[in-house]
1. Would you please put 80-90, 183-193, 118-128 in order of how densely packed they are, using the mean number of other Cβ atoms within 10 angstrom per residue and starting with the highest?
2. What residues of the stretch 139-164 lie in the reach of a label at GLN201, counting those whose backbone N is under 18 Å from a point 7 Å from the Cα along Cα→Cβ?
3. Multiply the residue gap between LYS175 and ASN188 by 0.36 nm, knock off their C-alpha separation, and tell me the result in nm, one decimal place.
4. Between SER124 and LYS168, how high is the FRET efficiency from 1/(1 + (r/R0)^6) when r is the Cβ-Cβ distance and R₀ = 30 Å? Nearest 0.05.
5. Cα gyration tensor of the stretch 123-200, axes a ≥ b ≥ c as square roots of the eigenvalues: rounded (a/c below 1.5), prolate (a/b > b/c) or oblate?
6. Output ³J(HN,Hα) for the stretch 183-197: one whole-Hz value per residue in order, computed from phi by the Karplus curve 6.51 cos²θ - 1.76 cosθ + 1.60 with θ = phi - 60°, and x for Gly and Pro.
7. Under a cut-off of 18 Å between alpha-carbon atoms, report the aspartates and glutamates in cross-link reach of LYS136, not counting same-chain residues fewer than 8 places apart.
8. Quick check: pseudo-label points 7 Å beyond the Cα along Cα→Cβ at THR82 and ALA217, how many nm apart are they?
Amino acid sequence: MHSIRRAFAPLVLVTAPILFAGCQSSEKGDAGKPPAQVAPAPVTASVPAAAPMAATAPAAPGTPAAALPPVRIKAGLATSFTDAEGQVWLPDQGFADGETTDRGEDMKVSNTKSPALYQTEHFSMTSFSYPVPNGKYVVKLHFAETFEGIEGPGQRVFSFSLGGHVFKDFDIWVKAGGPRRAYIETVNVEITNGKLEITFQSSVENPEINGIEILPAS
């Protein structure tokens, strides 16, 4: 029994450095070792990567939300769109209810460098919502009366509100000065709840819109 104890003790001493040597070889980038020892490095590196997300978090109320790049949404279109100035517009999104329509490339719209922007629209919607950091923005709402069923002022009248501003009995024909003419309503708003919200209410015919720009105030 005494000789068995002496044989067992060295065996334990030998296995310890063998395991230690295995750890050293994996730190040298041994591709044959299990990747579990390398995995912590990317996990640790991903922590600083969250910094840009923090930069786009809601800013303090009353401050410019400069972290957000301009957001442009082309109503009524399922794909992105690039206007005459090279600005990219996102597809139709953010609307509650309603339908979309495309008047086609043959529809001529004046008072704009990008008539294609006004050839599609979202109509009969009840609201629009888009998440943004808190802060001050300039919102541009793009309209044009292109429906052939509207033949004069007073035939499409609706109201909408955003950021505490109420536009009652809004008539695109009157605002634009006639049919197939682009008109932009510019509104300065301050966001305090993390999203831009617009509500629409019909009076005569349906509300309609052709595009929305959300621009951080300078």
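1. 118-128, 183-193, 80-90
2. It comes to 156-164, nothing else.
3. Between LYS175 and ASN188, full extension yields 2.8 nm more.
4. E between SER124 and LYS168, to the nearest 0.05, is 0.95.
5. prolate
6. Running phi through 6.51 cos²θ - 1.76 cosθ + 1.60 with θ = phi - 60° gives 9, 10, 9, 9, 10, 8, 10, 10, 8, 10, 10, x, 7, 8, 10 Hz.
7. Partners found: GLU185, GLU190, GLU197, GLU213.
8. It is 3.3 nm.
Here, each number is a calculation from the coordinates, and none is a lab measurement. Source: prediction; values computed, not measured. Note that we place each Cβ from the backbone using ideal geometry, even for glycine, and neighbour counts take in every protein chain shown.
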